[in-house]
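Bear in mind these aren't lab numbers, they're just calculated from the coordinates by the rules spelled out. Since the structure is predicted, the reported quantities are computational estimates derived from the model, not experimental observations. Reconstructed Cβ throughout: ideal geometry from the backbone, glycine too, with neighbour counts over all protein chains shown.
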Amino acid sequence: MAELLIRGDNPLNGDLVIGGRKNSAVAVVPAAILAAGNSTLENLPAIGDVKTYTEILARLGAKVEGPHEGTLHIDATRLRPEGAPMGMVKRIRASYYLLGALLGRFRYARVGLPGGCDIGQRPIDQHLKGFRALGAEVTIDHGEVVAQADALIGTHIYLDIASVGATINIMLAAVLAKGTTVLENCAKEPHIVDVASFLNAMGARVVGAGTDTIKIHGVEELGPATHAIIPDEIEAATYAIAAAATRGDVTLVNVVPKHLDSVSAKLREAGIIVEENGDWIRIIAPDRPNAIAVKTLPYPGFPTDAMPPMMTLLTLASGTSVISEGVYESRFKHVDELQRMGTNIRVEGRSAVIEGVECLHGAPVQATNLRAGASLVIAGLAAQGETCVGGVEHVERGYEHLERKLRSIGARIDRRASEASDANAEGGDARRVVNLGRD
Ligand code: EPU
């Protein structure tokens with residue numbers, strides 16, 4: 001295990017290229033197994049979750065090459081519908097997409113339940129409801145979901161919650177069903193459109209992705225395809241907020257500014273200058289931010305995944321800010337760690353009240369999940385003195401080349417083996433043993 005040492009109070013300046021979107025990549029990679037043959041995926045982020053996914057597919061019998069410089073080849077000709085190692089499946093939340101993809105292709109899937117997480121309850125009842133509506137029998141057997149069907153038949157499915165995971169998973173199963181599936185109350189995130197584009201490139205007939213009704217006209221079979229993943233709006237939002245928190249001037253390249261509208265609007269409201277054009281966005285933050293209110297919502301609302309970083313920025317605002325979490329039951333695990341750095345935050349149910357302070361002070365802190373880690377890294381970059389962020393493994397599951405990218409815009413950041421891993425090696429009682437991943 002590693003930790004990051006950050007010497008903060010140093011404005012970030014320069015240009016940064018944003019990578020492919022994590023939450024698109026972890027859906028497009030399993031979508032590739034819907035067809036025999038060799039698919040090519042481009043602009044994949046070099047993150048832990050993609051690596052874990054490719055390892056799972058290899059264990060299922062796919063031939064996987066890469067990713068090399070963002071390009072991955074997956075030949076799923078010899079893939080089998082069972083045998084995904086439980087340990088790996090539990091490491092990433094998005095392993096639930098194996099269910100939809102395997103069920104679609106083989107009419108049979110056996111995959112461990114995705115791991116729990118520390119951001120509130122995250123059931124997959126809507127995914128399973130969708131598979132059942134398509135005609136599958138779904139049971140839970142010793143911690144694994146077993147889904148099987150003689151035939152998948154297109155039908156009308158209404159999602160009780162506009163779930164990103166359920167929308168994509170049902171699409172994956174329905175593309176090879178007989179007849180048309182109409183999926184209502186769908187999530188509208190741009191990565192749903194991205195997955196649908198890839199499926200259509202494979203020969204599927206998916207219409208309406210990005211709206212709340214998606215029609216999936218089933219086809220007999222799919223073929224391999226080539227597809228480039230869209231840019232990661234949460235990686236971009238994180239660096240934009242880091243630029244604002246350090247009062248820097250950073251241009252993010254390879255973004256879709258439209259996907260960042262809600263984040264840009266809130267940054268502007270906080271007094272940050274945001275310029276955008278074509279595929280770039282520039283953040284200029286000469287002053288302390290103003291206090292604002294933020295509510296997280298499904299797209300096109302403010303993204304819950306950018307909330308922990310935004311909270312760090314608002315700890316430095318002049319005045320009192322309020323953040324309300326509208327997607328998860330609770331996503332405030334990072335607050336206790338931020339408090340070590342001199343913040344003044346009060347959590348009340350699904351809201352946090354943040355009294356801004358003039359400056360943060362470096363401290364040893366621990367990342368317990370991906371976005372919590374991002375919020376602590378930003379706090380360290382803005383704080384006076386030295387911050388040591390443990391649990392970097394979490395952060396690397398979703399941010400590629402984190403130190404390299406931050407250093408390229410002037411951050412003073414280094415990595416070292418954590419004291420906790422030393423303690424583990426010695427059989428000591430390590431307070432910092434972390435619970436890996438699963439966003
Ligand atoms: N929900 C249900 N039943 C379901 C599915 C979801 O009750 O069957 C609830 C969840 O408990 C949650 C809400 O619906 O309260 C939204 O969940 P959703 O299904 O939309 O989220 P997800 O598919 O589990 C993905 C991302 C998350 C991101 C959310 C929302 C992946 C692998 N994960 O999760 O990403 O927060 O959508 O945009 O795509 C992250 O990247 O840090 C992360 C947590």
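Against the longest alpha carbon principal axis of the chain, how many degrees, from 0 to 90 and to the nearest 10, is the axis of helix 370-382 turned?
The angle comes out at about 20 degrees.
Express as a percent, rounded to the nearest 5, the fraction of DSSP beta bridges in segment 22-228 (both residues included) that run antiparallel.
Rounded to the nearest five, the antiparallel share is 75 percent.
For the chain, give the share of DSSP beta bridges that are antiparallel, in percent and rounded to the nearest 5; count only bridges with both residues there.
70 percent
Could you rank the peptides 138-145, 25-32 by their average count of other C-beta atoms within 10 Å per residue, with the highest value first?
25-32, 138-145
If you place +1 on the Cβ of every Lys and Arg, -1 on the Cβ of every Asp and Glu, and leave all else neutral, what size is the dipole of segment 1-133 about its Cα centre, to the nearest 20 Debye?
That gives a dipole near 760 debye.
Note down the magnitude of the dipole of the chain about its Cα centre, charges +1 on Lys and Arg C-beta and -1 on Asp and Glu C-beta and zero elsewhere, to the nearest 20 debye.
In debye, rounded to 20, the chain gives about 500.
What does the C-alpha gyration tensor say about the overall shape of segment 22-228? Classify as rounded when a/c is under 1.5, otherwise prolate if a/b is larger than b/c, or oblate.
Here segment 22-228 falls in the rounded category.
Looking at LEU134, VAL365, ILE214, which one has the Cα that reaches farthest to the positive end of the dipole of the chain (charges on Cβ: Lys, Arg +1; Asp, Glu -1)?
LEU134
Could you order peptides 16-23, 176-183 by the average number of other Cβ atoms within 10 Å of their residues, highest first?
Ranked from most to least packed, the peptides come out as 16-23, 176-183.
Would you mind checking the tilt of helix 190-201 against the longest principal axis of the Cα atoms of the chain, expressed as 0 to 90 degrees and rounded to 10?
The answer is roughly 30 degrees.
Pick out, from ALA27, LEU113, LEU41, the residue whose Cα sits farthest towards the positive end of the charge dipole of segment 22-228, with +1 on the Cβ of Lys and Arg and -1 on the Cβ of Asp and Glu.
Comparing the listed Cα positions along the dipole, LEU113 ranks first.
Placing +1 at every Lys and Arg Cβ and -1 at every Asp and Glu Cβ, with all other atoms neutral, what dipole size does segment 246-355 have around its Cα centre, in debye to the nearest 20?
In debye, rounded to 20, segment 246-355 gives about 140.
At a Cα cut-off below 24 Å, give the lysines reachable from LYS51, other chains included and same-chain residues fewer than 8 away excluded.
LYS22, LYS63, LYS90, LYS405
If you only keep lysine pairs separated by 8 or more in sequence, or across chains, how many in segment 128-260 come under 23 Å at the Cα atoms?
Value for segment 128-260: 6.
Could you state the angle between the C-alpha long axis of helix 164-174 and the longest principal axis of the C-alpha atoms of the chain, as a value from 0 to 90 degrees rounded to the nearest 10?
It works out to around 20 degrees.
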